[in-house]
Amino acid sequence: MTRDDRAGVFLDRDGTLIRAPVIEGRPGSIRDEAELELEPGASDACDALEAAGFPLIVVTNQPEIARGASSRTAVERIHVRLLELLPLDEIVVCPHDDEDDCPCRKPKPGMLIDAAERHGLDLSTSYMVGDRWRDVEAGQRAGCTTVFLNREYSETMPDRPDVTVRTVGEAAAWILAREGR
């Protein structure tokens, strides 16, 4: 297998790897590293995927930076801690809001495409795991197989994810079974 034939796993951050505060049925983001709490099974899921040879790349919208509700420094501190806790290859951040119309903000696929290029990944054999319609749509636009973590938020549901599960552990198990690993 050449480097460009490798499959990777792209993971959303809030509500997928770390617990997200849910306000009025919608997930938010933590503001400080002291609030960081992994989702149950996230560590085991990432360990299993890494052991099976998958590069793990977090792709996360953080519009709180553009809105002034959080600083880049605070987000970076959260990511330093997350990299200490999980075997992640990279954390890619979109600091923009919808009005900025940037190509990296999910549901646009820019973060996935750019990271795939940097890591020599084949998007058509890669996976996108997330808990919101934006994650699924970004994965679909990038050509990935999509895994939706249904957290039963009060918001738009994704359109035709490849599989729907309840936890990141179930997502990892499904990916590993599908790949025969």
Taking Cα pairs closer than 8 Å and at least 6 residues apart, the relative contact order of region 69-168 in percent is 18
FRET efficiency for ARG118 and ALA52, Cβ-Cβ distance as r, R0 = 25 Å, nearest 0.05? 0.75
What value, in deg cm²/dmol to 500, does the helix sum -39500 (n - 2.57) over DSSP H runs of n ≥ 4 give at 222 nm once divided by the residues of the chain? -9500 deg cm²/dmol
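Quick check: net charge around ASN150, other residues with Cβ under 11 Å of its Cβ, Lys/Arg +1 and Asp/Glu -1?
Taking every Cβ under 11 Å from that of ASN150, the sum is 0.
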May I ask you to sort MET111, MET128 by Cβ crowding, counting other Cβ atoms within 10 Å and putting the fewest first? MET111, MET128
Length gain on complete extension for the stretch LEU85 to ASP162, per 0.36 nm per residue less the alpha carbon to alpha carbon distance? 24.9 nm
No other cysteine beta carbon under 4.7 Å away is the test; run it over the chain and list who passes. CYS46, CYS102, CYS144
Positive-end residue of PRO87, PRO107, GLY120, charge dipole of region 79-181 with Cβ unit charges: PRO87
Could you identify which residue out of SER70, SER126, SER154 has the top mean-square fluctuation in a GNM of the chain using Cα springs shorter than 10 Å? SER154
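Dipole size in debye (nearest 20) for the chain around its Cα centre, Lys and Arg Cβ +1, Asp and Glu Cβ -1?
On the way: 22 positive and 35 negative charges, 31 e Å.
With only Lys, Arg, Asp and Glu charged at Cβ, the dipole is about 160 debye.
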With an 8 Å Cα cut-off and a minimum separation of 6 or more residues, compute the relative contact order for region 3-179 in percent. 27
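Counting other beta carbons within 10 Å of each Cβ, put VAL22, VAL75, VAL59, VAL165 in order, fewest first.
In increasing order of surrounding Cβ atoms, one gets VAL22, VAL165, VAL75, VAL59.
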Quick one: of the DSSP bridges fully inside the chain, what percent are antiparallel, nearest 5? 15
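No value in this document is a laboratory result; all are computed from the given coordinates. Remember, it's a predicted structure, so these values are computed and weren't measured experimentally. Note: ideal-geometry Cβ built from the backbone for every residue, glycine included; neighbour counts use all protein chains shown.
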